[in-house]
Amino acid sequence: MKPVAVSSRMRGDFPIFRDPEGRDNGLVYLDNGASAQKPQVVLDAVADFYATAYANIHRGVYRLSEEATRRYEGGRATVANFLNAGSAEQIVFTRGTTEAINLLAATFGQQRVGPGDEILITTLEHHSNIVPWQLLCERTGAQLKIVPIGDNGSLDLTAMGELLTERVKLLSVAHVSNALGTINPLREIIRLAHDCGVPVIVDGAQAIPHLAVDVQALDCDFYVFSGHKIYGPTGIGALYGKREHLEAMPPYQGGGDMIESVTFEKTTYAPVPTRFEAGTPNIAGVVGLAAALDYVSGIGFETIEQHGRELVEYGTRVLGEIPDLRIIGTAEPKVPVFSFVIDGIHPHDAGTILSESNVAIRAGHHCAQPLMDRLGLPATTRASLGLYNTTADLDALVEAVQNLRKFFGK
Ligand code: PMP
């Protein structure tokens, strides 16, 4: 089955691909790993919310505030269903993956680690899943330990097993590598860690648009993601946690909404998840995120995962046929992300010149500098695909790369 039919239909759902007259503008958008485009239904949901139901939430006794609260809390239920969480109270809204990991480092992490303890992460983490743990290590005297990878980008689970000593107090790992597209064997990782009594935080930023996620089946302790990577708005994301962890965690930020009662002598805190949502939250962001998740659920992960596998197979083949081009990260299974280098052409030059052909890709270290160091590369060029991308987009990429090679006299 060719993926073209299903995703050309979806392309029509996204206004960014149309010119002012409503015709397809030919944009080849291959930077979904950085951020995905937004379908009309998400834009409509946000506009409708502001136009018909906007007010601050939770505190109002009037109709509009009740309606805004209903939509916000409805969004929480949508996220819970999407992840198959046991209950909506186990979903905390954050600004995104970065804030969710910082929240966990400042609360769960801060409670668990002390001098001499260890925090385990892996070589292929995004800076968002490195730096918050380094900051926590600086505050507590704990040490960061790193699970190595093989040359193809796969995690070394034997080494992970050896690193999981009694000093390790938590493991934080990406579900999917943003730089390589590798899908990590999460179930196995979580089982290994739990066998050693180590809780697992999953950075789901890159998995969420590509894979069905069932937090109960995975048995992860936390799962975090950003709305903007799954066709939702920026500035909104979610954190799922096991109830016993969330209930034992101290607040992250102080302010309105997260309290039960305040006196100058003593403040008591609201139950979860409100305890972690100080201040006026991104209400419209939640509405937009819920619309995005409904949109993706309407397509279904069977279709999305099948489409992804076809793009991986097609892209690996057609890019692999280009002389001097080397795909970085070939471990299977993977999502449709192709990081590559071309002999003699700097990735930044490649990105700039591909843009002349209306092909949007990313060049750089992809916020994964330690991974680039491990691979001995300063940077790669990365094409990351979404549900509206087709094999025709990959053909356009190949053609643009061939033109690039000619430009460099190859
Ligand atoms: N983790 C991974 C694997 C990512 O790809 C990203 C975004 N590139 C992040 C974390 C950070 O996400 P955000 O910038 O939305 O907080």
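The values are calculated or read from the model by the stated rules, or taken from the named source; none is laboratory data. Note that the structure is predicted; figures quoted are calculated from it, not measured. Cβ coordinates were reconstructed from backbone atoms using ideal geometry, including for glycine residues, and neighbour counts include every protein chain displayed. Areas reflect the complete protein model, heavy atoms only, side chains present, ligands, DNA and RNA absent. Shrake-Rupley method; radii C 1.70, N 1.55, O 1.52, S 1.80 Å.
What percentages make up the Cα-Cα pair-distance distribution of segment 222-334 when the bins are 5 Å wide from 0?
2, 9, 13, 13, 13, 12, 10, 9, 6, 5, 4, 2, 1, 0, 0
As a test of the definition: which semi-axes, in Å, follow for segment 44-298 when you take the square root of five times each eigenvalue of its alpha carbon gyration tensor? Largest first, please.
Those come to 32, 22, 14 Å.
How do the peptides 237-250, 144-157 rank, highest first, by the average count of neighbouring beta carbon atoms within 10 Å per residue?
Ranking the peptides 237-250, 144-157 by packing returns 237-250, 144-157.
Cα to Cα, under 21 Å, and not fewer than 8 places away if on the same chain: which lysines meet these conditions relative to LYS38?
Output for LYS38: LYS229.
How many angstrom lie between the Cα centre of segment 95-169 and the Cα centre of segment 59-88?
Centre-to-centre distance over Cα atoms comes out at 32 Å.
How long is segment 83-213 along each principal axis, judged by its Cα atoms, biggest number first, in Å?
Largest first, segment 83-213 extends 38, 37, 26 Å along its Cα principal axes.
Per residue of the chain, what 222 nm ellipticity follows from adding -39500 (n - 2.57) for every DSSP H run with n ≥ 4, rounded to the nearest 500?
One gets -11500 deg cm²/dmol as the mean residue ellipticity at 222 nm.
Mind grabbing the base-10 log of I(q)/I(0) for segment 1-152 at q = 0.10 Å⁻¹? Debye formula, identical points on the C-alpha positions, no solvent, two decimal places.
-0.65
Could you check how many percent of all C-alpha pairs in segment 276-380 are farther apart than 25 Å?
43
Could you tell me the relative contact order of segment 84-214? Use alpha-carbon pairs under 8 Å, at least six residues apart, and round to a whole percent.
Normalised by residue count, the contact order of segment 84-214 is 25 percent.
Summarise the accessible area of the chain (1.4 Å probe, protein heavy atoms) by the percent that is carbon and sulfur.
Its accessible area is 51 percent carbon and sulfur atoms.
Normalised by the residues of the chain, what does the relative contact order come to in percent, with Cα pairs under 8 Å and at least six apart?
23
What percent does the relative contact order of segment 333-379 come to when contacts are Cα pairs within less than 8 Å and at least six residues apart?
Computed value for segment 333-379: 26 percent relative contact order.
For LYS169, give me every one of the aspartates and glutamates with a C-alpha distance below 12 angstrom, ignoring sequence neighbours fewer than eight places off in its own chain.
Filter leaves ASP117, GLU118.
Near LYS242, which aspartates and glutamates are there with a Cα under 16 Å away, not counting those fewer than 8 places off in the same chain?
Correct list for LYS242: GLU89, ASP203, ASP214, ASP219, ASP221.
Per residue, how much accessible area does the chain have with a 1.4 Å probe, in Å²?
Per-residue value: 41 Å².
List every DSSP H helix in the chain whose Cα atoms extend 18 Å or more along the helix's own long axis and whose mean Kyte-Doolittle hydropathy is at least 0.0.
Those that clear 18 Å and a mean of 0.0 are 283-299, 391-407.
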